[in-house]
Amino acid sequence: MFILTHLFFSIGEVFYSSYKNLKVRLAKKKLSEQDKNILKNLFPYYAKLNSSHKQEFIEKVEWFIAEKNFLPRGELRMVTQEMKLLISATAVMVTFGFPGVTLKHFKKILIYPDSYYSTINKQFHQGEVNPKLGIIVLSWENFVRGFIDLQDGINLGIHEIAHAMKLENQIHYNSESNFFNPTLWGRYAENAAVEIEKILNGEETIFRSSAANNQHEFFAVALEVFFERSAELKSYNLRLYQSLVYLLKQDPIVLAREV
């Protein structure tokens with residue numbers, strides 16, 4: 001009886017998964033030339049890719065938009081196509097080394113116009129990731145601020161997507177977990193621990209102090225610096241930079257040179 005029950009459950013899972021994939025395929029729409037121009041003008045990472053990688057990037061953005069439900073919150077009345085494009089492009093950039101990873105667990109992206117008050121912990125937030133509810137929350141004003149200065153190593157979009165990516169790697173039900181190689185993660189973690197200790201000791205570092213709050217926060221801050229200040233991070237700590245390159249399966253410096 002247990003075997004039959006397990007078999008029917010497995011078959012049901014397969015059909016449900018196929019149904020969800022069909023819904024996404026039907027919802028998937030090609031980006032227009034205007035959409036691509038927005039990415040070209042406002043998203044430097046995409047603009048610097050060669051034509052082959054540009055096509056990969058576009059296709060992954062299309063899938064991401066089709067999979068997610070973008071919802072306005074607070075006084076934000078609607079989510080524009082530009083909002084969807086830039087948020088999706090940020091997620092695609094961070095996960096670009098993993099073609100099959102689209103952060104499937106996080107189905108909703110909530111967008112507030114500015115910093116918002118959380119009734120859960122009674123604090124104002126710029127963004128957060130809630131794995132229990134499967135949501136990523138962003139303040140649009142603070143998200144945009146991350147694009148105003150692309151060399152300060154502060155980018156809310158990258159930060160929250162990094163949190164979601166780390167959590168996605170640990171969520172086992174949707175066949176998208178364990179994409180981080182454990183050995184490579186271990187090498188990265190060793191280098192991260194050294195930097196966290198430096199921050200706690202008040203030593204000079206490229207990372208802001210909040211990165212030392214815990215390992216999860218350091219990963220999010222490290223990815224902000226990795227993508228926005230790639231050359232500086234490589235010069236500052238080559239071992240940490242290389243560990244992130246191997247872990248994320250991409251090197252922003254090399255990708256920019258392949259045009």
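The values are calculated or read from the model by the stated rules, or taken from the named source; none is laboratory data. Predicted model only: the values in this text are computed from it and were never measured. Cβ coordinates were reconstructed from backbone atoms using ideal geometry, including for glycine residues, and neighbour counts include every protein chain displayed. Calculation scope for accessible area: heavy atoms of the full protein, side chains included, ligands and nucleic acids excluded. Shrake-Rupley method; radii C 1.70, N 1.55, O 1.52, S 1.80 Å.
Of all residues in the range 202-253, count the ones that are without any contact (Cβ under 8 Å) to a residue 12 or more places away in the chain and open to solvent by 60 Å² or more (accessible area, probe 1.4 Å). Number satisfying all stated conditions: 8.
Listed by first and then second residue, the pairs with beta-carbon distance under 8 Å, at least 6 apart or on different chains, first residue in the range 63-74 and over 12 Å from Ile87 (Cβ atoms), second acidic (Asp, Glu) and assigned to a loop (DSSP other than H, G, I, E, B), are Gly74/Asp114.
The sole residue among Lys132, Lys104 that is open to solvent by 40 Å² or more (accessible area, probe 1.4 Å) and under 19 Å from Val61 (Cβ atoms) is Lys104. I'm trying to understand the selection: among the residues of the range 145-193, which are open to solvent by less than 70 Å² (accessible area, probe 1.4 Å), at pLDDT below 95 and among the aliphatic types (A, V, I, L, M)? Within the range 145-193, Leu150, Ile171 meet the criteria. Suppose the filter is of a type in the set (Lys, Arg), assigned by the TED database to the domain that holds Asn41 and in contact with a Lys or Arg (Cβ under 9 Å, 6 or more places away or on another chain); does Lys107 pass it? So Lys107 passes the test.
Close contacts from the range 117-142, counting a first residue that is closer than 14 Å to Ile171 by Cβ and a second that is open to solvent by 40 Å² or more (accessible area, probe 1.4 Å) and assigned to a strand (DSSP E or B), with Cβ to Cβ under 6 Å and a gap of 6+ residues or different chains, come to Ile135/Lys108.
Run down Ala192, Ala162 and say which single residue is touching a helix residue (DSSP H, G or I) at 6+ places or on another chain (Cβ under 6 Å) and under 30 Å from Tyr116 (Cα atoms).
On the way: Ala192 fails: under 30 Å from Tyr116 (Cα atoms).
Criteria check complete, one pass: Ala162.
Assigned to a helix (DSSP H, G or I) and without any contact (Cβ under 8 Å) to a residue 12 or more places away in the chain: does that describe Arg145? Judged against the criteria, Arg145 is a match.
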